[in-house]
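The values are calculated or read from the model by the stated rules, or taken from the named source; none is laboratory data. Small disclaimer: the values here were computed from a predicted structure and weren't measured. Ideal geometry is used to build each Cβ from the backbone, glycine not excepted, and the neighbour counts take in all protein chains shown. To get the accessible areas, we keep the full protein, side chains included, count just its heavy atoms, and leave off ligands, DNA and RNA. Shrake-Rupley method; radii C 1.70, N 1.55, O 1.52, S 1.80 Å.
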Amino acid sequence: MAAGSWARGNHPMQGHPDYLGFGLGLRPQHYREILDGEPAVDWFEVISENYMVPGGQPIRMLERVAERFPIVMHGVSMSIASTAPLDMDYLINLKKLAQRVNPKWVSDHLCWTGVHGINLHDLLPVPYTEEALNHVVSRISAVQDILGRRIAIENVSSYIEYECSEMSEWDFVAEVAQRADCWLLLDVNNVFVSGVNHDFDARTFLSSIPIERVVQFHLAGHSEGETCLIDTHDAPICEDVWKLYARAVERYGPVSTMIERDDNIPPLADLVTELSRARDIARDVLAREATVT
Amino acid sequence: MKTLAQIQDEMQRAVLGKDNRATSLVASPPEGSTADRLRVYQAAYVLRLTDFLANDYEKLLAYLGDVRFRKMAEGYIKAHPSDNPNARWYSRHLPDFLKNDCSFRRNPEVAEMALLEWALSHVFDGPDVPLVTMAGISSISPDKFAGVCFDLVPTMQQIKVTTNVTSLWASLKCGETPPSPEDLETPADVLVWRQANTSRFRILGPEEAMALICVQEGMTFAHVCEMIAVHDSPDDAALRAAGYLRAWIEAEIISCIRFIDAGVK
């Protein structure tokens, strides 16, 4: 879907984004290798906020990478579920960056990051209530109107559940997508982490999310805290998450997939090797599915 | 039942460590207690903001060491909750915070290190603007030169230091043990700017510092030359002024040439 082609009232599934293959998060440590070499990476996801700066090297490098690779913009500060007013300055800057970079899609998280003018720089979960659902749906609709495009919303890892929740996380996420007419970015690691932390079956989550809404998978590593798993993005993907990824491919088919690594960032070659495992799993699962059908 | 706004207010207070009323909002987890689970968010908040500071002030971290830096960061985080969605701006108050922090009263180089590092990062991703070249200067007809003014790029800062902070920074950059902190005999101006996509700095001599302030104030170049002439020997003032101008253009800090009436200073 081209930027600016979205309009409220369009047929919901028109313009489903193209399948991009297997990508990585664009990190400054890897700029040189990416621009000088031919890494086996099909596309890059960028943290939007890192490039929402007035000028200089960051935006210049992004534009050079964007000349050769499809780009997806992924934000951490939209605070779509916050009861604070939408940050219009942020959205205007996000829109300007999107106009400059022409990403395949723009995503952020199903969470809130602060109220009363404070930003906690964390992805805080929402209670799964009808009130929160209505609030989030209206905010996503407003953001889509402002940006002039359908956005993708990602499920987050969480360490608490609210006593007042009236539905499961997966029902909440599915309902948000349908009512707000947005895409979903399914973070497989987040499903796993929250599943362990709240003792639910991650496969139930996967089987409840509408297939046609999912445009992207995230894969990442996590770490073990004292009483729960923590979504740290600082380690290789664990075996359990790879297994869950295979289940996701079984259900959703080929979905643009990328690995997020935000800390203890290894050489690009290591991430490319890890990405090749995602390719192998997807290829094997899809080949098996084709044989069965 | 509490509203979404009330829930977010109580959760935020818990994350900021103000109170634990949010404990009653949280369902009993399969492992650990509700307080344990809230502490994950509380700890992550401090860790994340400390990381922002450490990323923005690498040399200060190296100078203070991990323990002192973390203690300093705790104070800053308490005094300055983040008010910007972009982490890029979180640490902008640190130079002023350190200047007023009584634990560093005898170490002015600490606040100046933060000032220098913030300036370096600020110019790194500041706005891109057109640059004036030597060819552009050469094209000005001599009769118009008296009324010429120069605009400076937004990616330059002129900061005042009272210590040998630039030497400390340079040693830390090379991974060497820094020299002892010392007060300068007289405060110095440091030019911080971006050239060829790289942040740089250099100490300005008093005359060049004064001349650059004059340019920033919008004086004509003729007036800047007069100021230089009264600052030191008038004999070769025009030559010295031309030398400064050449250095500024080569450093990519002149963005625009403007002409005003020769009578206006």
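Numbers for the structure displayed
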quantity: When residues of the range B:120-150 are limited to those that are among the acidic types (D, E) and under 20 Å from the mean Cα position of the chain (by Cα), the one surrounded by the most Cβ atoms within 10 Å (Cβ to Cβ); calculated: B:D125
quantity: Filter result (farther than 23 Å from B:P30 by Cβ and within 14 Å of another protein chain (Cβ to nearest Cβ)) within the range A:215-252; calculated: A:H233, A:D234
quantity: Qualifying residue in the range B:102-112 (condition: open to solvent by 50 Å² or more (accessible area, probe 1.4 Å), farther than 22 Å from B:T166 by Cα and in a loop (DSSP other than H, G, I, E, B)); calculated: no
quantity: Search result, residues across the range A:117-137 that are touching a helix residue (DSSP H, G or I) at 6+ places or on another chain (Cβ under 8 Å), more than 7 Å from chain B (Cβ to nearest Cβ), part of a loop (DSSP other than H, G, I, E, B) and open to solvent by 10 Å² or more (accessible area, probe 1.4 Å); calculated: A:Y128
quantity: Evaluation of B:D19 against (1) within 13 Å of another protein chain (Cβ to nearest Cβ); (2) touching a helix residue (DSSP H, G or I) at 6+ places or on another chain (Cβ under 6 Å); (3) without any contact (Cβ under 8 Å) to a residue 12 or more places away in the chain (one fails), failing number; calculated: (1)
quantity: Selection within the range A:151-175 - away from chain B (no Cβ under 14 Å) and not in a loop (DSSP other than H, G, I, E, B); calculated: A:A152, A:I153, A:E154, A:W170, A:D171, A:V173, A:A174, A:E175
quantity: Only listed residue being within 10 Å of chain A (Cβ to nearest Cβ), among the hydroxyl-bearing types (S, T, Y) and in contact with a helix residue (DSSP H, G or I) (Cβ under 8 Å, 6 or more places away or on another chain), chosen from B:T3, B:T50; calculated: B:T3
quantity: Count - residues of the range B:117-146 that are within 14 Å of chain A (Cβ to nearest Cβ) and part of a loop (DSSP other than H, G, I, E, B); calculated: 7
quantity: Candidate set: the range B:4-38, residues that are assigned to a loop (DSSP other than H, G, I, E, B) and of a type in the set (A, V, I, L, M); chosen: the one most open to solvent (accessible area, probe 1.4 Å); calculated: B:L16
quantity: Residues within the range B:227-246 that are more than 17 Å from B:I140 (Cα to Cα) and touching a helix residue (DSSP H, G or I) at 6+ places or on another chain (Cβ under 8 Å), tallied; calculated: 8
quantity: Tally, over the range A:77-111, of residues that are within 14 Å of chain B (Cβ to nearest Cβ), touching a strand residue (DSSP E or B) at 6+ places or on another chain (Cβ under 8 Å) and farther than 30 Å from A:S194 by Cα; calculated: 1
quantity: Wholly enclosed strands (runs of 3 or more DSSP E) of the range B:156-259 bearing at least 2 residues closer than 30 Å to A:P58 by Cα and either within 14 Å of chain A (Cβ to nearest Cβ) or under 17 Å from the mean Cα position of the chain (by Cα) (or both); calculated: B:156-163, B:183-195, B:198-204
quantity: Close pairs (9 angstrom Cβ cut-off, 6 or more residues apart or separate chains): more than 17 Å from A:R261 (Cβ to Cβ) and touching a residue at least 24 places away in the same chain (Cβ under 8 Å) in the range A:32-46, of a type in the set (V, I, T) and surrounded by 14 or more Cβ atoms within 10 Å (Cβ to Cβ) anywhere; calculated: A:L35/A:V65
quantity: Residue count for the range A:81-116, restricted to those that are open to solvent by less than 10 Å² (accessible area, probe 1.4 Å) and of a type in the set (S, T, N, Q); calculated: 3
quantity: Pairs with Cβ under 9 Å, 6+ apart, first in the range B:83-99 and more than 7 Å from chain A (Cβ to nearest Cβ), second loosely packed, with under 15 Cβ neighbours inside 10 Å; calculated: B:W89/B:D83; B:Y90/B:D83; B:S91/B:N55; B:H93/B:A79; B:F97/B:G75; B:F97/B:A79
quantity: The range A:144-168 - residue that is in contact with a Phe, Trp or Tyr (Cβ under 6 Å, 6 or more places away or on another chain) and crowded, with 18+ Cβ neighbours inside 10 Å and, of those, farthest from B:L4 (Cα to Cα); calculated: A:R149
quantity: Hey, B:L61 without any contact (Cβ under 8 Å) to a residue 40 or more places away in the chain, within 11 Å of chain A (Cβ to nearest Cβ) and crowded, with 18+ Cβ neighbours inside 10 Å or not; calculated: no
quantity: Failed criterion for A:D262 (all others in (1) assigned to a loop (DSSP other than H, G, I, E, B); (2) buried (at least 17 other Cβ atoms within 10 Å of the Cβ); (3) under 16 Å from the mean Cα position of the chain (by Cα) hold); calculated: (2)
